[in-house]
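What follows is one structure encoded as structure tokens, with my remarks underneath.
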Amino acid sequence: MRRSSGSTSSSPQVNVSPAILQRNPYSAMSSLGLSPFLYSLIVLQVCFSSQLEDNKIPPSLCTGHPGIPGSPGINGGPGQPGRDGRDGRDAAPGEKGQKGDRGDPGETGVRGLTGDKGYAGEKGERGQPGECAVAPKSAFSVKLSQSHAFPLSVANAVLFDTILLNEQGDYNAETGRFTCKVPGVYYFAVHATVYRASLQFDLMKNGHAVASYFQYYGNWSKPASLSGGTMLHLVPGDQVWVQMALSEYNGFYSSTKTDSTFNGFLVYSDWKNSAVFA
């Protein structure tokens, strides 16, 4: 068998056309100086390469093992927007949902502008007559009794112990004091008979003298008189009474023919839209 003049490890370079091999295989082998085994390999190579060129080799003879899956490629750029889809068909109405929970109150809105003045309404029907209101009342009149003990003390109120009028019960005969229940303006008056001694007394309000009166007695055979009055503004709880000013001037007198009296009454009340008083 012939070898090429090159390195012993290199394969022989043989160019044989398929037509020569088909016409006379033995003469081709002799002319090339090849061994039968090597010649057979060359023939197979030539035949297979010819079939590959003509695409006549079955695919099953050339199929290898499946390759390893490749790595995922890089994400592509965004595609162009698609065309508008066709209008869908009208759907059937759904069932009514349940009522939702009540929401929290919203914030108070900005106050609106004042609207135009409305038209006057029609005159209403006349109402039923109401009850007549009764003004509040307060009045009293008292006098000294004939059995009153003399002389009178300075520190205490003069006890006018005979009641002439005291419908509201504002005067207390045991203490000799008037106590206010209805606020307003009152008038008080004292008419005294003076006999056996001079007389000086004060009209007191809550422990303070608001008016003083004096009558000198000159040892006359007949009694003299002393009168005085004043107006006071009172509030509920205020008290008014008559009190001796000096112990030696205590000539209050009372008999069957002459009296000493203490009187008071409400001029007008301070109450407005008050309840009805009998």
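The values are calculated or read from the model by the stated rules, or taken from the named source; none is laboratory data. For clarity, every value in this text was computed on a predicted model and none was experimentally measured. Neighbour counts are summed over all protein chains in view; Cβ atoms, including those assigned to glycine, are modelled from backbone coordinates with ideal geometry.
Within region 166-177, is even one residue basic (Lys, Arg) and within 60 Å of the chain's Cα centre (by Cα)? Before you say what the answer is, go through the steps one by one.
Taking region 166-177 as the starting set, the residues that turn out to be basic (Lys, Arg) are 177.
Cutting the leftovers down to within 60 Å of the chain's Cα centre (by Cα) gives us 177.
Checking region 166-177: at least one residue is basic (Lys, Arg) and within 60 Å of the chain's Cα centre (by Cα).
Assuming Asp259 fulfils every condition listed in (1) out of contact with any strand residue (DSSP E or B) (no Cβ under 7 Å at 6 or more places or on another chain); (2) modelled with pLDDT under 95; (3) not small (Gly, Ala, Ser) apart from one, which condition is it?
The failed condition is (1).
Here's the yes/no breakdown for (1) at pLDDT below 95; (2) within 24 Å of Pro136 (Cα to Cα):
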position: Asp161; (1), (2): yes, no
position: Cys180; (1), (2): no, yes
position: Ser198; (1), (2): yes, no
position: Ala211; (1), (2): no, no
position: Gly218; (1), (2): yes, no
position: Gln239; (1), (2): no, yes
position: Tyr249; (1), (2): yes, no
position: Ser255; (1), (2): yes, no
position: Asp270; (1), (2): yes, yes
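Report the residue count in region 208-225 for those that are under 18 Å from Gln146 (Cα atoms) and in a strand (DSSP E or B).
2
Does Leu232 satisfy the condition of being among the aliphatic types (A, V, I, L, M), surrounded by 12 or more Cβ atoms within 10 Å (Cβ to Cβ) and not in a strand (DSSP E or B)? Even if it seems obvious, please write down each step before you answer.
Details: among the aliphatic types (A, V, I, L, M): yes; surrounded by 12 or more Cβ atoms within 10 Å (Cβ to Cβ): yes; not in a strand (DSSP E or B): no.
Here the answer is no, as Leu232 does not meet what is asked.
Just to be sure, is Pro236 touching a Cys at 6+ places or on another chain (Cβ under 8 Å) and not β-branched (Val, Ile, Thr)?
The answer is yes for Pro236.
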